[in-house]
Amino acid sequence: MGDVDSHLSFSILRLIVFGIAIPGNLLIMGIIFRSRRLRKSSSNLLLAQLVFGDLFLGLAAGTRGTSNIIFTHLGISSYNKGLCLVLGTPTNLGIHLSQTTIVAVAVDRFLCVKFPLLYRKSERVESPSSVS
């Protein structure tokens, strides 16, 4: 698996993912946080949290792709603990945040299906005329 990970095309694929993930996730996050109506729904806030986790995963893909190209060009094949920590932290944070959010989304959807009347009362929806 180490040979595939160090291949140039895999690093370029990571940079493509980075180039799509960062602006796409920032766009979604901006839309949710700029709209007061979207912020009022707990499911939309869970979506924003998932977008935040995916933003870290996109950042991790970019750093791993870039560092892999640079290290291959410089002939570096041995990494110290600090470098592994710096390169691995965004990936671990993004994965754990995404997994935790998926569990929260599953619980939210379960409550919505199991207790629909209670769920509707917990979501405070205002009329569109009073929301800017």
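The values are calculated or read from the model by the stated rules, or taken from the named source; none is laboratory data. Just so it is clear, the structure is predicted and the values come from calculations on it, not from any experiment. Quick reminder, even Gly has a Cβ in these numbers, built from the backbone with ideal geometry, and neighbours come from all protein chains shown. All accessible areas refer to the heavy atoms of the entire protein, side chains included, with ligands and DNA or RNA removed. Shrake-Rupley method; radii C 1.70, N 1.55, O 1.52, S 1.80 Å.
Note on the range 59-74: among residues that are under 17 Å from ILE95 (Cα atoms) and of a type outside the set (Gly, Ala, Ser), the one that is modelled with the lowest pLDDT is ARG64.
Close contacts from the range 99-113, counting a first residue that is part of a helix (DSSP H, G or I) and a second that is surrounded by fewer than 11 Cβ atoms within 10 Å (Cβ to Cβ), with Cβ to Cβ under 7 Å and a gap of 6+ residues or different chains, come to none at all.
This table checks each residue for (1) of a type in the set (S, T, N, Q); (2) open to solvent by 70 Å² or more (accessible area, probe 1.4 Å); (3) not in a helix (DSSP H, G or I).
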| site | (1), (2), (3) |
| --- | --- |
| ARG14 | no, no, no |
| GLY30 | no, no, no |
| LEU45 | no, yes, no |
| ALA60 | no, no, no |
| THR63 | yes, no, no |
| ASN68 | yes, no, no |
| ASN92 | yes, yes, no |
| ILE95 | no, no, no |
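Among the residues of the range 76-88, those identified as open to solvent by less than 70 Å² (accessible area, probe 1.4 Å) and either closer than 18 Å to LEU57 by Cβ or polar (S, T, N, Q) (or both) are LEU87, GLY88.
Of all positions in the range 105-114, none carries a residue that is within 19 Å of SER11 (Cα to Cα) and open to solvent by 90 Å² or more (accessible area, probe 1.4 Å). Suppose the filter is open to solvent by less than 60 Å² (accessible area, probe 1.4 Å) and modelled with pLDDT of 90 or more; does GLY2 pass it? In short, no. For SER42, state whether it is at pLDDT below 90, farther than 30 Å from SER11 by Cα and not aromatic (Phe, Trp, Tyr). Yes; evaluated as a whole, the condition is true for this residue. Contact map, the range 16-27: first residue under 13 Å from LEU47 (Cα atoms), second residue open to solvent by 70 Å² or more (accessible area, probe 1.4 Å), Cβ cut-off under 9 Å, separation 6 or more or different chains; pairs are ASN25/PHE52.
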